[in-house]
Amino acid sequence: MQLVKNIQPDFVDARGAITKLLDDGKTSIKSILLITSTKGSIRANHYHKEDAHYVYMYSGKMEYTEAPIVDGQPDLSQEVKAELVAGDMIYSPSMIAHAMKFTEDTVWVVMALKSRSQENYEADTVRVKLI
């Protein structure tokens, strides 16, 4: 699991702050989504065959669960969980099932490596039951 906790501003002055969420010099983002989720809702329960994405928590809280895919299904014996709050970011690679349960009303940003047009998304996404 690639999780970064409590991302802080890189620069602050009287005008405000600049925070680098992702600046590794190699990642090519094709899609950025701003998503809201209500307390108690569950999202994802899927994996991507090729796509991968970063999730940045702007506000709220979620329980994130992931497990590798073995023979087309999540291997629950290798399941890993983390709690994310505002300022945290997690990376979801391809072929890793992931699911999110929101324990507070949440605003979050997804930065995906592939286009998120509905056609591309559906062709690349395999739904599974993780949580």
What is the number of the single condition among (1) modelled with pLDDT of 95 or more; (2) within 20 Å of Leu3 (Cβ to Cβ); (3) surrounded by fewer than 18 Cβ atoms within 10 Å (Cβ to Cβ) that Lys20 does not meet?
(1)
Among residues belonging to segment 47-69 that are small (Gly, Ala, Ser) and open to solvent by less than 30 Å² (accessible area, probe 1.4 Å), point out the one that is nearest to Lys5 (Cα to Cα).
Gly60
Could you list all residues from segment 85-115 that are touching a Pro at 6+ places or on another chain (Cβ under 8 Å) and either open to solvent by less than 20 Å² (accessible area, probe 1.4 Å) or outside any loop (DSSP other than H, G, I, E, B) (or both)?
Ile96, Ala97
Within segment 1-17, how many residues are open to solvent by less than 90 Å² (accessible area, probe 1.4 Å) and β-branched (Val, Ile, Thr)?
2
Consider Leu130 carefully, then state whether it is crowded, with 18+ Cβ neighbours inside 10 Å and not basic (Lys, Arg).
yes
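The values are calculated or read from the model by the stated rules, or taken from the named source; none is laboratory data. As the structure is a computational prediction, the values presented were derived from the model and not from experiment. Virtual Cβ from ideal backbone geometry, glycine too; neighbours counted across all protein chains shown. SASA here: full protein model, heavy atoms, side chains in, ligands and nucleic acids out. Shrake-Rupley method; radii C 1.70, N 1.55, O 1.52, S 1.80 Å.
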